[in-house]
Amino acid sequence: MAGERARSLGKGSPAPGPVPEGLIRVYSMRFCPFAERTRLVLKAKGIKHEIINVNLKNKPDWLFKKNPFGLVPILETSKGQLIYESPITCEYLDEAYPGKKLLPADPYERAYQKMLLERFSKLPPLAFKHLLAVKNGEDSSVLKAEFNEKLGEFEEILAGRKTVFYGGDSVSMIDYMIWPWFERLEFFQLPDCLQHTPKLRQWVEAMKKDPAVKATMTDAQTLKGFFELYTKNNPEACDYGL
């Protein structure tokens, strides 16, 4: 029932019991980029955790008691405390657990990362619209141009900071927050969009060497198989490949 590659819990499944002492639980879905953010932070900080996969195409009723939006990721502590929304779960983990701090100590740098994340939030919907347009045989050139334009802004930011990562010379919170969409560029039918962004290409290569990134990556072919089922509202989509 628990574990990264465990089958997902759907409608009619009983709610999982209390979280064991010394662990934190994350409710996730294997292919969800938002839940991947939380799993990246859990791995990066070496936090002892258990994963409960949820079937987002056939949601169990108890999911809405844990998050009124019925979405993942959700964290649950052994005290029964619930935390949801991916940036909030990640900030909580960084503050509540010892080890390497992923958010900067400097108030301005911290605010700067949050502003960057706000700017980045315009990209995922564009990438998804582009994928659907390609899948439906529609003209996707305007969407692609808009995506590339916004990507260019992130190239300029990295060039201006003169560092490998967005927070400096080591991976920090903002890198993990935006990574899942770069991991999925091929899946979003945007494999060549880094052609004119050398700093971003360098960043992607550096991110691929990060242990937390290595531990959470999913290949484009598997994502494609999942998405084929997902767009057909197939309840087996979330368990693709198991």
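So here's what we get for this one:
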quantity: Any chance residue 154 is open to solvent by 40 Å² or more (accessible area, probe 1.4 Å), touching a Phe, Trp or Tyr at 6+ places or on another chain (Cβ under 8 Å) and part of a helix (DSSP H, G or I); calculated: no
quantity: Test: residue in region 103-118 that is under 14 Å from the mean Cα position of the chain (by Cα), in a loop (DSSP other than H, G, I, E, B) and surrounded by fewer than 19 Cβ atoms within 10 Å (Cβ to Cβ); calculated: no
quantity: Residues (loosely packed, with under 15 Cβ neighbours inside 10 Å and without any contact (Cβ under 8 Å) to a residue 60 or more places away in the chain) located in region 207-216; calculated: 208, 209, 214
quantity: Among residues of region 20-33, those that are hydrophobic (A, V, I, L, M, F, W, C) and either surrounded by fewer than 19 Cβ atoms within 10 Å (Cβ to Cβ) or on the phi > 0 side of the Ramachandran plot (or both), counted; calculated: 1
quantity: From the options 40, 75, residue that is open to solvent by less than 10 Å² (accessible area, probe 1.4 Å) and either part of a strand (DSSP E or B) or at positive phi (or both); calculated: 75
quantity: Identity of the residue in region 1-19, open to solvent by 60 Å² or more (accessible area, probe 1.4 Å) and at pLDDT 90 or above, that ends up nearest to residue 217 (Cα to Cα); calculated: 7
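One line per residue, one yes/no per condition, for (1) in contact (Cβ under 8 Å) with a residue 12 or more places away in the chain; (2) among the polar types (S, T, N, Q); (3) within 25 Å of residue 88 (Cβ to Cβ):
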{"position": "140", "(1), (2), (3)": "yes, yes, no"}
{"position": "144", "(1), (2), (3)": "yes, no, no"}
{"position": "154", "(1), (2), (3)": "yes, no, yes"}
{"position": "161", "(1), (2), (3)": "no, no, no"}
{"position": "173", "(1), (2), (3)": "yes, no, yes"}
{"position": "178", "(1), (2), (3)": "yes, no, yes"}
{"position": "182", "(1), (2), (3)": "yes, no, yes"}
{"position": "186", "(1), (2), (3)": "yes, no, no"}
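This table checks each residue for (1) surrounded by 15 or more Cβ atoms within 10 Å (Cβ to Cβ); (2) closer than 21 Å to residue 100 by Cα.
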site: 172; (1), (2): yes, yes
site: 178; (1), (2): yes, yes
site: 202; (1), (2): no, no
site: 205; (1), (2): no, no
site: 236; (1), (2): yes, no
site: 241; (1), (2): no, no
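This table checks each residue for (1) assigned to a helix (DSSP H, G or I); (2) out of contact with any helix residue (DSSP H, G or I) (no Cβ under 6 Å at 6 or more places or on another chain).
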{"site": "181", "(1), (2)": "yes, no"}
{"site": "185", "(1), (2)": "no, yes"}
{"site": "193", "(1), (2)": "no, no"}
{"site": "196", "(1), (2)": "no, yes"}
{"site": "206", "(1), (2)": "yes, yes"}
{"site": "224", "(1), (2)": "yes, yes"}
{"site": "229", "(1), (2)": "yes, no"}
{"site": "241", "(1), (2)": "no, no"}
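The values are calculated or read from the model by the stated rules, or taken from the named source; none is laboratory data. This one's a predicted model, so the numbers in the text were calculated from it and none came from an experiment. Neighbour counts run over all protein chains shown; Cβ positions are idealised from the backbone, glycine included. For accessibility, only protein heavy atoms count, side chains too; no ligands or nucleic acids. Shrake-Rupley method; radii C 1.70, N 1.55, O 1.52, S 1.80 Å.
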